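Report on the following structure.
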Amino acid sequence: MKFRKVVAATLLAAMALTACGGNNSSDKTNATTSPTEATSDTTDATENSNEVTQTSESNSPAPGDMGEPYVTYMTQDCGTLNYLVTNKSVDAEDGYVHFEENLLETDKFARLKPSLAESYTVSYNAEVFTFKIRSDVKWATWDQKEYGENVTAHDFVTSAKYVLDPYHASLNAWFITDFVAGAQEYYDSLLALLDEYGDDVEGYKAARDSVDFSTVGVKALDDMTLEYTMINPTPYFPSITTYGVYCPVNEKFLNEIGEDDFGTKGKESILYNGSFTMTDWTLEVEKIFKKNELYWQKDRVHIPYIRYFFVADEVVPLELYKRGDISAAAITTLYLEEMLADPTYSNQLYITSTSSQSWCWAFNVRETSGEYANPDFRTAALNENFRKAVFHAFNRRPYLKIYNPEEEAVDKMLSGAFMPVGLCVTEEGKDYTEFGNLPEVIEANRNNYDPDKAKEALDAAKAELGDSVTWPIKIRILGTSNEVSKAQSAVTKQVLEEGLGTDNVIIETVIYTGDTYYTTVDNGAFDMWQFGWSADYSDPNNYLGTLLKDNDMNDYGFEFFPSYSEYEAAYNDANTTYDIDERYEKFAKAEQIMYDNYVIIPFRYVGGNYAINKVQNPYDSLSRGMYGNSPDRFLDVIYGTEPITSEEREAQRVAYEAEKEAIKGK
């Protein structure tokens, strides 16, 4: 498995005070909308097929009056409409999620549900996935004229073939090559051919058909039946199909527009199968998406249009909101006190839910030498009682209050596990974090601060370490020169030095910049720091795999901890278990090993910011999924002229939680 070091590069921005208010963020930091509450049924494996089947039932809300449009600003415009090549969030969230759909989507309970696929089956060993494509999904032009035949299984094969051609330089090709049988080999063969022809593009295009695509595990068994075959058993593959790289492409249109111009020549260079079409786009001026009247579930679209307008200068979203220029805004700490004191707005504010972005603190026990080495810290950090003392001394609440001073917000941000709540949910509605002993472990981790336990553990550590180290232990943390980072470093220093005593530890900050971060980390010139991850797909291995010794996110030397071999064995056992409930149970036990041995300290989930918007039905309309395209779509969402009140929002939340509890086990 190839993991991407994506979160670390955002440290300079992520550690600053940030809040998301764009899109329709009624209860998530990354604006989401929700799919229908179409249910899915799982039938027992049959004697002949050894397959389980998931199908959809129509349960869309009755069509009502059209709500208000959604209007927001942008400081960066889409670079392309080609959803098969881009990995930029702006191209997805402010672009193709509005007009292209996937085989599956996530619902308001974060469960996977059918979308362009009306049903799918999974082979007994989770290696073959067969999707039945809906027959009523129309292709439309930007001006909502029907184009040719409806979406078929062949369109997904065309899409995969396009992505796997290195000539197109898809930045998301790994989403296919890492999982689908024969995909990497096909890609590598074309890459060798591309190198052979060099600048002779036409020669390459003429020669590439000699490479056999039939060896790739993406096949149209008939017009409406699509089959994917995996390299290895991959029970979480359905969640991977929720990304743009798995959206379909009409081959006839692709040939007409030309592969080089597809999605790069404005609104006319793309076909649409989703809830909106792009009717106007002037780069870095304005873009408008209009409700698609040819959309197969148009009754779920209650927004007549979405409008983005470009702002070149730095703006204050709150001021735009107050003027009525935009439909939603984040409330930064700079304006929070003012808004809470204003009777016009105080009863309309809410705290956003957390996202899949999860941060932990860790001890660096890599073997380093020379000027970057800190042998006393490494020796101490390999002692379990020393790590336990740090764990219980680390009061994280003062740190989190830098992001949001309100206790309710701090409670949302404060994490008790690396794995975020809501990422992995069974068909019966049971969250991964409810498996094994994780509920108790998470609660204990959230309430880690205990000065008495910290002192007890530190005394034990000092007795065990004896004269193998010199006290106080220097602990180097990382930071930048901006004011927010300085505040964070100061809080960390205060908390740990007060909790452990300056005769035992001294906290020093190593300053880095965007240019020097990776050099600093690669040199091991730090002792404790944060690492983070955001979801690529819905499986615990996406997070817990980053703790393995060969993973490129492992900058901390996790393999040197005495408990590592136990963790690795438990991880591998879980990762080769394909029944979802059993898989989650085993992963929960593996994750607990890291906490029981104080190897990592769960810190925060991104979110918990104040915001305001005019969504009328936040709990009925917004997907709680933490991956893929569903969370950014505007399905079922209704915008009004004014925000709902805090009391109305709370009533909706209570009803939602009751409904969520009721579906468990069904």
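The values are calculated or read from the model by the stated rules, or taken from the named source; none is laboratory data. As the structure is a prediction and not an experimental result, all values here were calculated from the model. Virtual Cβ from ideal backbone geometry, glycine too; neighbours counted across all protein chains shown. In case anyone asks, the SASA skips ligands and DNA or RNA and just uses the protein heavy atoms, side chains included. Shrake-Rupley method; radii C 1.70, N 1.55, O 1.52, S 1.80 Å.
Here are the numbers for this structure:
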{"item": "Nonlocal amide H pairs with His302, under 5 Å, H built at 1.01 Å", "result": "Asp636, Val637"}
{"item": "Cα-derived Rg over Rh, computed across region 260-405 with Rh taken as Kirkwood radius", "result": "1.17"}
{"item": "For Phe276, net neighbour charge (Lys/Arg +1, Asp/Glu -1) across residues whose Cβ lies under 13 Å away", "result": "+1"}
{"item": "Calculated from backbone phi, Karplus (6.51, -1.76, 1.60) coupling profile of region 280-294 in Hz, x at Gly/Pro", "result": "9, 7, 10, 3, 6, 10, 6, 9, 10, 10, 9, 3, 7, 6, 9"}
{"item": "Accessible area expressed per residue, the chain, with surrounding protein chains retained (probe 1.4 Å, Å²)", "result": "39 Å²"}
{"item": "Cα long-axis angle, helix 580-596 against the chain (0 to 90 degrees, to the nearest 10)", "result": "30 degrees"}
{"item": "Relative contact order of the chain, pairs being alpha-carbon contacts under 8 Å that are 6 or more residues apart, as %", "result": "23 percent"}
{"item": "Of Lys88/Lys493; Lys161/Lys267; Lys486/Lys589; Lys493/Lys589; Lys589/Lys664, pairs whose Cα-Cα distance is over 28 Å", "result": "Lys88/Lys493; Lys486/Lys589; Lys493/Lys589"}
{"item": "Hits among lysines - C-alpha to C-alpha of Lys462 under 18 Å, sequence gap 8 or more where chains match", "result": "Lys388, Lys453, Lys474"}
{"item": "For Val505, distant residues with modelled amide H under 5 Å away", "result": "Ile473"}
{"item": "With DNA, RNA and ligands ignored, accessible area of Arg604 (1.4 Å probe; Å², nearest 10)", "result": "10 Å²"}
{"item": "Accessible area in the full protein assembly, largest first, 1.4 Å probe, for Arg378, Arg476", "result": "Arg378, Arg476"}
{"item": "Spin-label pair Lys265/Met74, simplified geometry with 7 Å Cα→Cβ offset, distance in nm", "result": "2.1 nm"}
{"item": "Accessible-area composition of region 590-664, carbon plus sulfur, in percent [1.4 Å probe]", "result": "51 percent"}
{"item": "Peptides ranked, highest mean first, by Cβ atoms within 10 Å: ranges 491-499, 510-518", "result": "491-499, 510-518"}
{"item": "Principal-axis tilt of helix 646-663 within the chain, Cα atoms, nearest 10 degrees", "result": "80 degrees"}
{"item": "Between 0 and 90°, nearest 10: helix 183-197 axis offset from the chain longest Cα axis", "result": "80 degrees"}
{"item": "Read-out Cα extents along the principal axes in Å, derived from the coordinates shown; its label in [x] 124, 61, 49; [y] 79, 62, 55; [z] 94, 83, 56", "result": "[y]"}
{"item": "16 Å Cα-Cα reach of Lys322 towards lysines, excluding residues that sit fewer than 8 places from it in its own chain", "result": "Lys614"}
